1. Cβ under 11 Å from A:Thr201's Cβ, A:Thr201 left aside: what net charge do those residues give with Lys, Arg +1 and Asp, Glu -1?
2. Could you check what % of the DSSP bridge pairs in the range B:43-190 are antiparallel, to the nearest 5?
3. Give me D for the range A:31-87 in µm² s⁻¹, whole number, from Stokes-Einstein with Rh from the Kirkwood sum over alpha-carbon pairs, 10 °C and 1.306 mPa s.
4. Semi-axes of the equivalent ellipsoid for the protein assembly as shown, please: Cα gyration tensor eigenvalues, times 5, square-rooted, ordered largest first, whole Å.
5. Mind checking A:55-65 for the average number of partner chain beta-carbons within 10 Å of each residue's beta-carbon?
6. Counting only other residues whose beta carbon sits under 15 Å from that of A:Glu147, what net charge do I get with K and R as +1, D and E as -1?
7. For the protein assembly as shown, give me the percentage of DSSP beta bridges that are antiparallel, rounded to the nearest 5 percent.
8. For the range B:239-260 and the range B:86-113, what is the separation of their Cα centres, given in Å?
Amino acid sequence: MDFTLSKKHEMARTLFREFAEKEVKPLAQEVDETEEFPRATVEKMAKAGFMGIPVPKEYGGQGCDVLTYAMCVEELAKVCGTTAVIVSAHTSLCCDPILTYGTEEQKQKYLPDLAAGRKIGAFGLTEPGAGTDAQGQQTKAVLDGDEWVVNGSKIFITNGKEADIYVIFAVTAITEKKGRPFKEISAFIVEKGTPGFTFGTKEKKMGIRGSSTYELIFTDCRIPKENMLGQQGKGFNIAMHTLDGGRIGIAAQALGIGEGALERTIEYTKERKQFGRSLSAFQNTQFQLADMATKAQAAQFLVYKAACTKDQYTRDHKTSYGVEAAMAKLYAAEMAMEVTTKAVQLHGGYGYTREYDVERMMRDAKITEIYEGTSEVQRMVISAALLK
Amino acid sequence: MKIVVCIKQVPDTKGGVKFNPDGTLDRAAMMTIMNPDDKAGLEAALRLKDQYGAEVTVLTMGLPKAEDVLREALAMGADKGVLVTDRVLGGADTWATSQTLAGALRNMEYDLIITGRQAIDGDTAQVGPQISEHLNIPVISYAQNLKVEGDSVVVERQFDDRYHVLKAKMPCLVTALAELNEPRYMTPGGIFDACEAQITVWGRADLKDVEDSNLGLKGSPTQIAKASDKVRKGAGEKVALDPSEAVDYIVGKLKDRHVI
């Protein structure tokens, strides 16, 4: 077992860190304050190839692995949780399902623009009455000639109004399973501008405030038949498998937020003086920092392990990575919440002001325990594998 | 068009500077980066490649670990990398360095050679022009803008208060300023390819038409008597004032110190 990163991963980390420090960090506070989507940063990321890291070169991507992608999200999240989730949702929730389940025509049509960042991707599963419980889906798609007619709405959609390509889910039939009605769900690719596809309200959020979180509304929205993603009725599996991958991205985001807060706190406690000595000279500070660093390191191992396991899946199409992804997300998210809370505490009153990054980081951390499966759902996934 | 860009791995000013007992830099022990002027030169070459199509080769002399800076250049978009490394080349000053690079360049095809104006570790600005002398080609130094017109380059050469526009027929050499452009980032895919790429490694024996007496520490007319790290300034003063108050405050300080 070798814990050292390869040369190429070290170089990639250097790239991501330099980019994050130079292009993302200076805007992080403003993005949070104004709640504006950092479009210019996304364009720079697109130019640097960050929007298609694990997409094969034949589809216009960078041809790198999931570990490299996770490291990109991690480094971005160290300075700005918003920017990190834009890349994560785009890559894991839109590029990945098209790559995994798309027909050759769909891959050729959508992936080159997505991987080059000319278009942004999003994913619509959650509904007012169906988050974790996918069977609660109300959005329906009915086949009419060569088109599916979609009606319904999706909420809390990351990259919502800024995206161009959406992978969405709708009920295409109601069958019977064990004597009870069972909703058959299918996945579709929808393009922005399709008649009948509009946007509802923008969410006002606690954290990741620059990410565009919107409601998607479908009113007699006609989608060409060939835009069904994967087989009809297999949408639930596609959604769950996609979320397994998405959790690695969110775990990497949580990891980066925790690590970023730790970095700021180390700097601050060395500078800040109380009772004639640096905060870092107090044993309480030292022990708190030690705990924070240990948990962040543990989270990193889990996240990298999950990413490498998904890479194994990319090679053999067999290896399961759902449990690894759930563990990584569960632990990294709870670490991020704990570490950022301690970071604010160690910053004292200043940590509670918006002048200091840790205040934003604590707000950004909370969502990582909720979206793409709450911590409770991750525990369900992990325990189900243990007890099967 | 074939372009060779000479680049140098230099100490990262964010890390500490370490010296060998003989006063030369202990490069193996320091964090390193691509010299900023050279990076701008590489970016200029890559833009010419994007615009007209060109083969860009990066050339460096240094320790075996200088291979890293070549891979960085490949990850940005350069096509080939050549590392000149040999124990006998160690401790070279600008004269010995330019002789070495010219010896390597005599083996290579080029229409245009681009070097940085100067390296942040030596700050001499001599190597580029010296290479052009050894190769007997024109040089335009301090380029703040660079274009290709037919078989010539048109370069804005920077001065303190003006610039000159010069045209030179290729093959020629241009030395680039960091402000020439904003260098692009490496791409993740470029990094993966660069790490697999074959780097050409040359030693003393591969250098063409160069005397031993012009190489390495022995071939260097410059002898370093003593070197030391710069004395670090204390932390500056931070004040939060309105712009107008801030101006008064700064002017007051400058007057106190009799600067104005």
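1. Values: positive: A:Lys161, A:Lys202, A:Lys204; negative: A:Glu203, A:Glu215.
Here the charged neighbours net out to +1.
2. 50 percent
3. Values: Rh = 11.8 Å.
It comes out at roughly 134 µm²/s.
4. Working: eigenvalues 501, 199, 112 Å².
Each semi-axis is √(5λ); the values are 50, 32, 24 Å.
5. Details: counts 1, 1, 3, 0, 0, 0, 2, 7, 4, 6, 2.
For this peptide, the per-residue mean of nearby foreign Cβ atoms is 2.
6. Numbers: positive: A:Lys140, A:Arg222, A:Lys225; negative: A:Asp144, A:Asp146, A:Glu191, A:Asp220, A:Glu226.
Net charge around A:Glu147: -2.
7. Working: 51 of 81 bridges.
If we restrict to bridges inside the protein assembly as shown, about 65 percent are antiparallel.
8. About 50 Å separates the Cα centre of the range B:239-260 from the one of the range B:86-113.
Each reported figure results from applying straightforward, stated rules to the coordinates on display, with no laboratory input. All of these numbers come straight from a predicted model, not from anything done at the bench. A quick note on method: Cβ atoms are made from the backbone with ideal geometry, for glycine too, and the neighbour counts reach across all protein chains shown.
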